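Let me begin by presenting the structure, written as structure tokens, before commenting on it.
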């Protein structure tokens, strides 16, 4: 027998131990056909609902959905970890095994912290007893609306804090040891009053099962915040905790799968339908502190269906992908949380949602495809495709090259668009506001001139006076600079941001080399009393042009009404592209012999073409 690792020890136990014999030591069994039945010890059972199958060596309750092998039963019945259950049964069978298999880690907490956890455990028991006393009176509405029962209160450490009763029970102890109550976050330091008065409490356990703090929900619907937590400390750190991981880790170990939801009641709702591998975030995103719980597991993100939930799914998926963790996302189009989905649509509906959870990269792909209203093999707006690629690759760039290549090919096939163009452009614009290689093309004589162009200089002799006001000819694709201008006109609050950016060293726009209206439009836009409608007519003098701009601004402002961050992202993307476009034209114009000749003849006019960047060439020369 080889019992030098947990898997082989588990196999040996299962081969020697009969599940019926073991379970009969703990509960009374009745033979029914080829199986055995009993009252289920894992919920409030009045009619035998737990079945044990000797042939398959498994048990299953068809009411609370708890089931598994004999190791799982002992773990659940004795309320010990899967590892402790394994050790218990190995000792029962007198098996020889390597003692290092069950060596416990030295405590991560100080003696004082451990004293706090012991107090938390005592207070948690008090809170739970208090809830049970009031579940038919004060807490009846809450108890019924959440479909709770005594087993759920016990299993998920749900209690209730009532200030008067708490103070009466713990009063003397608080005055003896106020510091430990304060460290636990159970009282206000100044008044010694209980922190969680008139709130439903949830004990938060670490992965060892120690109660390290509490989260408490107000019963008053209008109270803010709805939830309050124990204070951050060496014990309680939200970005290192997952609610219910202590209970879920054994099931997760067996299934190699972990479902992550947003709320405590989402965990409980999924538990009620047989999902015991579910944890909840503690109001934060996933962090490096969570990785010890997540490695070597398939992660399913099942967050709320509202915009905040979708954004959280994207953010957490990006983090997991960057750590090379396999992740799926449940496509929740209901705008409800899991608890609400079960109540409204039933168990079968939510089970289907879980079964159809998408690979995270596919989910992100579809999400942004929908955001930019793209349809494969159809006439799509080129700007929308470009924005889609830029947004999508912000997430996909953390993946390995094979995955990136797959989606590059997919985009080419679906939209006849090469994402490499956008990817390379994004890299260039993020690193530099200009391409330094272009400077080698400038003549030495050009650099010797340090005077500056007049702010209102335009090449008036090279084009008719304002030809764009009357032109009805077919226009080419919109330039990024024009798109940026038009977006600002449609959303004047961006004007101040634009001016600030254009006046910074990093935000230079080289507009005076364009032989049209761009420099003039810039001057108009930056005036305090700018006539927005007049500028719009300059940019869009005919119906076709207006339609092009309207199409672009519709894409630009999509999903920005309630999310200012989206608006800033769109603005930054348009600005980067406009800046890159301006410098390409600048480099092209200044590299010609004709330009160098003119610059040498008129240094006061040509030595700087950047809007509001009086020292651009001086700084380059010094380098």
Wholly within the range 18-122, strands (runs of 3 or more DSSP E) carrying at least 1 residues that are in contact with a helix residue (DSSP H, G or I) (Cβ under 8 Å, 6 or more places away or on another chain), in contact (Cβ under 8 Å) with a residue 40 or more places away in the chain and crowded, with 16+ Cβ neighbours inside 10 Å
58-61
Among what's in the range 164-184 and is within 33 Å of the chain's Cα centre (by Cα) and in a helix (DSSP H, G or I), pick the residue that is farthest from residue 236 (Cα to Cα).
182
Go through the range 319-339 and give me each residue that's more than 16 Å from residue 286 (Cβ to Cβ), under 15 Å from the mean Cα position of the chain (by Cα) and surrounded by fewer than 21 Cβ atoms within 10 Å (Cβ to Cβ).
331
Could you list, ordered by first residue, the pairs with Cβ atoms under 9 Å in which the first is in the range 224-247 and on the phi > 0 side of the Ramachandran plot and the second is outside any loop (DSSP other than H, G, I, E, B), at least 6 apart or interchain?
244/205; 244/264; 244/267; 244/268; 244/271; 244/278; 244/279; 244/280
Of (1) crowded, with 19+ Cβ neighbours inside 10 Å; (2) over 39 Å from the mean Cα position of the chain (by Cα), residue 537 satisfies every one except (1)
Has the range 340-362 got at least one residue that is under 20 Å from the mean Cα position of the chain (by Cα), surrounded by 19 or more Cβ atoms within 10 Å (Cβ to Cβ) and farther than 29 Å from residue 272 by Cβ?
yes
Within the range 385-422, residues being farther than 21 Å from residue 373 by Cβ and at pLDDT 85 or above number 12
Would you please list the contacts, defined by Cβ atoms under 7 Å and residues six or more apart or on different chains, that run from a residue in the range 362-380 that is at positive phi to a residue that is at pLDDT below 95 and in a helix (DSSP H, G or I)?
373/384; 377/414
What number of residues within the range 492-529 satisfy the criterion of being part of a helix (DSSP H, G or I), free of Cβ contacts under 8 Å to residues at least 40 places away in the same chain and surrounded by 14 or more Cβ atoms within 10 Å (Cβ to Cβ)?
5
Looking for something free of Cβ contacts under 8 Å to residues at least 40 places away in the same chain, closer than 22 Å to residue 83 by Cα and in a loop (DSSP other than H, G, I, E, B) - is there at least one such residue anywhere in the range 8-16?
no
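Quick grid of which residues meet (1) surrounded by 20 or more Cβ atoms within 10 Å (Cβ to Cβ); (2) within 22 Å of residue 178 (Cβ to Cβ):
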| residue | (1), (2) |
| --- | --- |
| 201 | yes, yes |
| 209 | no, no |
| 221 | no, no |
| 227 | no, no |
| 231 | no, yes |
| 234 | no, yes |
| 252 | yes, no |
| 256 | no, no |
| 270 | yes, no |
Need the failing condition index for residue 425 against (1) at pLDDT 90 or above; (2) touching a helix residue (DSSP H, G or I) at 6+ places or on another chain (Cβ under 9 Å); (3) within 24 Å of residue 568 (Cα to Cα), just the number.
(1)
For the range 187-204, does any single residue satisfy the condition of being at pLDDT below 95 and closer than 19 Å to residue 109 by Cα?
no
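Yes/no per residue for (1) in contact with a helix residue (DSSP H, G or I) (Cβ under 8 Å, 6 or more places away or on another chain); (2) modelled with pLDDT under 95; (3) within 23 Å of residue 265 (Cβ to Cβ); (4) not in a loop (DSSP other than H, G, I, E, B):
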site	(1), (2), (3), (4)
320	yes, no, no, yes
328	yes, no, yes, yes
339	yes, yes, yes, yes
348	no, yes, yes, yes
Check whether at least one residue in the range 465-481 is on the phi < 0 side of the Ramachandran plot, in a helix (DSSP H, G or I), modelled with pLDDT of 80 or more and out of contact with any helix residue (DSSP H, G or I) (no Cβ under 7 Å at 6 or more places or on another chain), and report yes or no.
no
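The values are calculated or read from the model by the stated rules, or taken from the named source; none is laboratory data. Computed from a predicted structure; not experimentally measured. Methodologically, a virtual Cβ is constructed for each residue, glycine included, from the backbone with ideal geometry; neighbour enumeration extends over all protein chains shown.
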